[in-house]
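Worksheet: the structure to be examined is printed underneath.
Since every read-out is calculated from the coordinates, none of them should be taken as a lab result. On a predicted model such as this, the values are computed, not experimentally measured, just so you know. A quick note on method: Cβ atoms are made from the backbone with ideal geometry, for glycine too, and the neighbour counts reach across all protein chains shown.
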Amino acid sequence: MTDENSVSTANSRYLSELEKELELLYAEKGKDRETKEGRTSRKDSGIVRVSTGIPELDKALDGGIPKGSWVAITGEPGTGKSILCMHFAWAGLIAGDPVVYITTEAEFRDVVRQARQFNVDFESYRIYDISSLKEINEVPQIVVVDIFGLLKIAKQMSESASTDLEGIRRRRFAALDIQTLVSAIHEAYKILGVLREGVKAPYKHVRLIIDSLSAFWADRPAMARKYSYDLKISTHRENVTAYLVSQYAMTTKSVDYRTPIVVRYDDTIEVREIGSFVDQFFNESEEGIRLVKTPMYTLSVNPITLKVEWKPIKAVSRHRESRNLLRIELEGGRNVAVTQDHSIYILSEDGIKPIKGSKVREDCIPVLMQENIEKLNADFKLGFAKVKRIGVESPSAPYVYDLSVDLYENFIAGIGWILVHNSTFGFGLEHIADGVLHLWMEEVEKSKEIKRYMIIKKMRMTNHVRTAFRIEIEPSRGFVLYPLTS
């Protein structure tokens, strides 16, 4: 077995083991709930509900979120995800729940300042910033972890990291490393005084907020699934109810309308211009990201094994682009036109890696060897072609386009079938979440105003409302939901 196949097999085994551990967690969770049912008279079979802090949402969730749930808050920037988190934390403090508030998007003082606009006064409770050097005189009610706190934890972990062999450099942990995040959460539990000696699970109910998780895989979107598993295995407990924010950010890493792609559905394989394929998911003048609900596949490459595989298309995107595109031409007439922000895979000493298109020089680019790729069950081979020249040109249409592809976030495109990269955020977390609250915004250029919406995509153990709500962010009240009228 080659080293590449060995690594791929190890990764597959690792994910399989994580999935088994999650199944055991859910089984233990169910047993714990069964024992509690004998001691409670709650009308919904003993399910303890946790308030979201928003009456309309609690009602839509049949009384609130089931205790111990992990809830993914997904959506584009500006839809109200962070304000939703503020309400959840505030409801917890009022109910007497300790709160761990992790923010990678802003300093917590900015969160406090914004929350005051909605009559949420975090400073009326005892706050401890994990980056502080001050002694803890009284057990806090809320522990804050921002980027400075994560840097402190990462430094402590790096300094205490040990090695079994002399001469091997200790691991240096980064602030935006999943293991740093896990350590910060456990440190916060200790500060809150909710842990008993030798036990990792809090004995008292804790509300955990991470705003946002996307920061931890921003430069490695293909790792989102693995990191999500790592986090849940390490921190998911019955006595922790969590809000996990995940960005669906508009990608600017796009390709020209005329770029050929290959799409498979059922037993049919088609070569399409990416523009005509993506346009079917949008109304006139709309742009943004659209989820693909019908099973469709495109060719993608496992960056470890270099194996070409059919992978599901999770989403498509388009946006306006007035800047010139880069036309990357390879030997043999292969070429592709991409935005200046787009990444292209190149051959490196460690395999293949994506780099910004504007930084590509005389590199070797992964390409598909077959010209005719419309045969079912074809044995696809990956090769490499050297960059011949890079030019600039205007886009052939008002929009540029992209695909979000499951797991690897890359796809084969262009004349001569070149491997291009993608980094749309937001995917990878939903599969481990007990609930998903999805927020979105109407295209402002079309509506001429900001119109926000939310829908409960799923919530385990809950007969939730299945229609969308209109969102208003109102002074003094904050996040308010209104049912959509027919």
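Order these peptides, 390-403, 190-203, 457-470, by their mean beta-carbon neighbour count within 10 angstrom, highest first.
So the peptides 390-403, 190-203, 457-470, ranked by packing, come out 390-403, 457-470, 190-203.
Return the FRET efficiency for the residue pair D379, V199: r is the Cβ-Cβ distance, R0 is 45 Å, and the value is rounded to the nearest 0.05.
0.30
Please find the FRET efficiency linking R320 to I390, where r is the Cβ-Cβ separation and R0 is fixed at 25 Å, and quote it to the nearest 0.05.
FRET efficiency, R320 to I390: 0.60.
Considering the Cα trace of segment 282-378, what is its radius of gyration and what is Dmax, both in angstroms?
According to the Cα coordinates of segment 282-378, Rg and Dmax are 15.7, 45 Å.
What is the spin-label model distance, in nm, from Y125 to V292 if the labels are put 7 Å beyond Cα along the C-beta direction?
4.3
Could you check the spin-label model distance between E135 and L151? Points 7 Å from the Cα along Cα→Cβ, value in nm.
Modelled inter-label distance: 2.7 nm.
Looking at segment 231-339, what % of the alpha carbon pairs are farther apart than 24 Å?
On the way: 2496 of 5886 pairs.
Distances greater than 24 Å cover 42 percent of the Cα pairs.
When only DSSP loop residues count, what GluC sites (Glu not before Pro) in segment 269-359 have their Cβ near at most 16 other Cβ atoms within 10 Å?
Answer by residue number: E284, E286, E349.
From the Cα trace of segment 169-301, what convex hull volume per residue do you get, rounded to a whole Å³? Write down the numbers at each step before the final one.
On the way: hull volume 26.1 nm³, N = 133.
Dividing the Cα hull volume of segment 169-301 by its residue count gives 196 Å³.
Nearest 0.05, what FRET efficiency do N463 and Q117 give at R0 = 45 Å with Cβ-Cβ as r? Can you show the working numbers first?
On the way: r = 34 Å, r/R0 = 0.75.
Step by step, r from the Cβ atoms, then E = 0.85.
For segment 260-421, evaluate the Debye formula with one uniform point scatterer on each Cα (no solvent term) and list log10 I(q)/I(0) at q = 0.15, 0.16 Å⁻¹, rounded to two decimals.
The computed values of log10 I(q)/I(0) come out as -0.80, -0.91.
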